[in-house]
Amino acid sequence: MEMFGTFVAGLGLFLVGIKGLGTHLQLLAGGRMRRMLGTATRSAPRSAALGVMLGALTQSSNAATFISTSLVQAGILALPRAMLIVGFANIGTAGLVLLATVDLHLAALWLVGVVGFLSTRNLGRASPLRPALGALLGLALLFLGIDLMKLGATPLRDLAAVREVLAAASGGIAALAIACLAGAVVAMVAQSSSTVTILALAMHEAGVLDFEQALLVACGASVGSGLAVLLLSSDLRGTSRRLAIYQALIKAAGAALFILLLAVEHASGLPLLLGLSAVAEDPQTRLAWLFLALQLVSALALSPFGAATERLLARLSPETQAEALSRPRYIYEQALAEPVTALDLVAREQRRLLNRLPVLADRLRAEPEAPEAPQAAMLEASEALEARIGIFLKDILSRGCGPEQLDRAVALEAALDGLRALRETLGEFSEVAAGIGPAEAATLLPVIHRLAEALHLLLGELAEFGGAGDAESLALLGTLTADRSDMMDGLRRRLARDEPNLPYAAQDVLFRATSLFERMVWLTRRQALLLAPAPG
C-alpha cells in the first residue's frame, strides 16, 4: 500500500510541476529567451546535442519530453526542433556513468532550496525573477514527482512475482515475448527504461535471465517508457500532445527494429546483435552498449521523415478549436523591427479580442446565436492570445522606442489588462450561470438571461466604439455604464420579497451574478475610456 501511495504522490507532483512549468515559461517567453534558444537549436546537430544534454541531466526521457512540450506551448521552441531534442534525449538517459553520478532527487532538493531562498526577497510584480522562480519550482516538482514514482516502483525489483515472470521467459518465442512484455509493464510503472535495463543486467549477472532475454527486456522497457509518456499526457490535447506521441512512436520503432534484427539473426545465423562479441567481451558491458545503440536507433528512426512525421502527428492529435482561435492573425516576429507598425498590429489583435466579448456574452442569453466554438474553448483561446500579445508588447518595449511609441505601448498594455479583466469576469459569470441547479432554474435563469442580454448590448457597443472611436459612441457608452448598484440592489430585494423561501445557495448565486454584472459595467466604462482617442 505504501508503494502505491508513494507512486500516486509522485504522479500528483509530476502533474502539478508540468502545469506550473508551462504556465511560468509562457511568462518568460520573451524575445531574449526565444533568441537564445533559437541560437542553441539553429541547426539539427545543435538540437540533437541539446537533447543529449537534457537527457543526461534529467536522466528521464519523460521529463525531457514534457519540458520540451512546455517550451513548444510557450512559443519558445518550434516543433521540428523539439522533436530532435526529444529523440536524442533518449541517448542521454542511456549514459550509465551519468546515471551513477547524477541524482535527480538531489537536483530537485537543490532547486526547491534555491527557489525558497530567492522567494524570500521582496520581488515586485514586474520582476523577471517571479516567473523564473515559478518555472524553477515547477521543474523541481516535476523532478521530485519522477523520483517519487521511481521510489514507489523500486520494491518491484525485489518482488518474487516480478522475478518469476521474468524467469518464466526461458526459451521459445512465447517466452521471449513474455520477457519483452514484462520489460514494458515494469518500465511503465517505474517511468524509466534505464532503471528496468539495470534490473535486467543484475538479473542476467545472477543467472536469472540469459543475454537474449535481458536484451528483450530492454526492448520492452523502451516501448513501456514511450507508453508511460502517452499515459502521463492523456490530459493534453492538440499540438500539446504531439511530442508525447512522437516519443512513443520512436521508442516503438527502435524496439521493433531490434526485435527484427534478432529474428533475422536467428534465421540466418549472422552476428547482428547476439553475436557482437567484438563490442565487448563482458556480456553486461555488451548489453549496456546495445541499450545505448537502441536509444540511438530510436532517435534516428523517424529523423529522415521529419515532414511526413509532422503530418502524421497532426492527424493523430489535430489542433483543437482553442488553439486555432488563439493563433495571432496580425503580430509576427519580424514586425518588431518597426515599432510603429508593431504597435498598429497589436491594436488590431486587441480589436479581435474586443469583438469576441459580445460573442461570449451571447452564449448566456435565452436565445443565443449559433456558436462558432464552445464557450470554454473561446475563453481558453482568448487567454492564450492575451498572453501572446503581452509577450509581443514586452518585446517592443525591450527593443527601445521613441516617447510617442512608449506612451502608446503603455496605453495598449493597460487596454490589454482591461480586456483580460473583462474576459475573466465574463468567465466567472458563465460559471455562476452553469452552477444553477434544476430546483432554482425557474427563478434564477430569467434573471441571468436578462443580465446577459444587457451585457451583450453593452459589450457590442464597446466593440463598435473600439473600431470607430467617435465621440457619440463614447457618450452613449457613458450613459449605458452609469452606476448600476442601486438597480442591482433593487433586483435582489424584489426577488427576496417575491421568493421568500429561496434557498441560501440560490441567494448566493443571485448575489454573485449581480455583483459580477456591476463589475462588468464598471470594467466596460473603464475600457471605453482607455480606448478613447487622446484629445487633439
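The values are calculated or read from the model by the stated rules, or taken from the named source; none is laboratory data. Just so we're clear, the structure is a prediction, and the values are computed from it rather than from any experiment. Heads up, the Cβs are rebuilt from the backbone with ideal geometry, glycines too, and the neighbour counts pull from every protein chain shown.
When region 320-349 is examined, which residues are found to be outside any loop (DSSP other than H, G, I, E, B), closer than 22 Å to residue 527 by Cα and under 22 Å from the mean Cα position of the chain (by Cα)? The answer is 326, and nothing else. In region 365-422, how many are over 16 Å from residue 321 (Cα atoms) and aliphatic (A, V, I, L, M)? Result for region 365-422: 18.
Of the listed requirements (1) modelled with pLDDT of 80 or more; (2) over 30 Å from residue 533 (Cβ atoms), residue 454 misses just one: (2). When each of 496, 513 is tested for being farther than 15 Å from residue 451 by Cα and either in the same structural domain as residue 443 (by TED's automatic domain parsing) or in contact with a helix residue (DSSP H, G or I) (Cβ under 6 Å, 6 or more places away or on another chain) (or both), the lone residue that passes is 496. Surrounded by 18 or more Cβ atoms within 10 Å (Cβ to Cβ), over 22 Å from residue 251 (Cα atoms) and at pLDDT 75 or above: is that true of residue 6 in this structure? Yes, satisfied. Return yes or no: is residue 396 assigned to a helix (DSSP H, G or I) and farther than 23 Å from residue 526 by Cβ? So residue 396 fits the description; yes.
Residue count for region 317-338 satisfying the condition of being touching a Leu at 6+ places or on another chain (Cβ under 9 Å) and buried (at least 17 other Cβ atoms within 10 Å of the Cβ): 8. Being closer than 20 Å to residue 417 by Cβ, of a type outside the set (D, E, K, R) and not in a loop (DSSP other than H, G, I, E, B) is a description that does not apply to residue 487.
Residue 154 meets the conditions (1) of a type outside the set (A, V, I, L, M, F, W, C); (2) outside any loop (DSSP other than H, G, I, E, B); (3) modelled with pLDDT under 75; (4) farther than 25 Å from residue 56 by Cβ in every case but one. The failed one is (4).
Scanning region 226-243 for residues that are touching a Ser or Thr at 6+ places or on another chain (Cβ under 9 Å) and farther than 12 Å from residue 189 by Cα returns 233, 236, 237, 238, 239, 240, 241, 242, 243. Listed by first and then second residue, the pairs linking a residue in region 509-525 that is within 21 Å of residue 475 (Cβ to Cβ) to a residue that is hydroxyl-bearing (Ser, Thr, Tyr) and modelled with pLDDT of 90 or more, with Cβ atoms under 6 Å apart and 6 or more places separating them unless they lie on different chains, are 520/425. When the helices (runs of 4 or more DSSP H) confined to region 55-136 are screened for residues that are within 22 Å of residue 20 (Cβ to Cβ) and modelled with pLDDT of 75 or more, those reaching at least 1 such residues are found at 61-73, 79-93, 104-119. Within region 526-536, track down each residue that is surrounded by 18 or more Cβ atoms within 10 Å (Cβ to Cβ) and at pLDDT 90 or above. Residue satisfying the conditions is 527 alone. So, in region 289-309, exactly how many residues are of a type outside the set (A, V, I, L, M, F, W, C) and surrounded by 16 or more Cβ atoms within 10 Å (Cβ to Cβ)? Looking only at that region, the number is 3.
Screening the candidates 462, 476, 457, 445 for the property of being of a type in the set (A, V, I, L, M), surrounded by 17 or more Cβ atoms within 10 Å (Cβ to Cβ), part of a helix (DSSP H, G or I) and out of contact with any Gly (no Cβ under 6 Å at 6 or more places or on another chain) yields one hit, 462.
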